[in-house]
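A short write-up of the structure that comes next.
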Amino acid sequence: MTGGMRVLRTVTGWRRCSAGSAAATDHASNICILDVRDELVRDGAVFALARVKQDLLVRLQAFGLTDKIGADKLFPTLPTAVDAYRRWAADQERGRGEEPGGSRESA
């Protein structure tokens, strides 16, 4: 993976990775992303990627990661990821406990 990703710790329940510096992924880096996602989900966290641009999205789709992560947890910008988190947190407070999501803007 070129550049790498940063895992940003947020309020308990969400872990958001900023993929802005990840221009390309290879098989090994895709497996690493999947391993991190699986571990966080096992721990009860919601895993989301922010700053997913079109070239990275195509690579994630080719590896099958968009299905495993969930297209509704891949965000083209940091503000769209934050907005989804805020909706999710509000739902948690209301006791609805729904997964995060929302429409994906074009990257």
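The values are calculated or read from the model by the stated rules, or taken from the named source; none is laboratory data. Owing to the predicted nature of the structure, the values given are computational and were not obtained by experimental measurement. Because the Cβ atoms are built from the backbone with ideal geometry, glycine has one as well, and the counts that use them run over all protein chains shown.
Quick look at the values:
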item: Residues that are touching a residue at least 12 places away in the same chain (Cβ under 8 Å), surrounded by fewer than 16 Cβ atoms within 10 Å (Cβ to Cβ) and either over 19 Å from Gln61 (Cα atoms) or of a type in the set (Asp, Glu) (or both), drawn from the range 34-50; result: Gly44
item: Among the residues listed as Asp72, Asp38, Asp83, the single one being under 10 Å from the mean Cα position of the chain (by Cα), at pLDDT 85 or above and part of a helix (DSSP H, G or I); result: Asp72
item: Failed condition for Val58, given (1) of a type in the set (A, V, I, L, M); (2) farther than 15 Å from Thr80 by Cβ; (3) modelled with pLDDT under 85; result: (3)
item: Within the range 86-107, considering residues that are more than 19 Å from Gly44 (Cβ to Cβ) and surrounded by 14 or more Cβ atoms within 10 Å (Cβ to Cβ), the one modelled with the highest pLDDT; result: Gly102
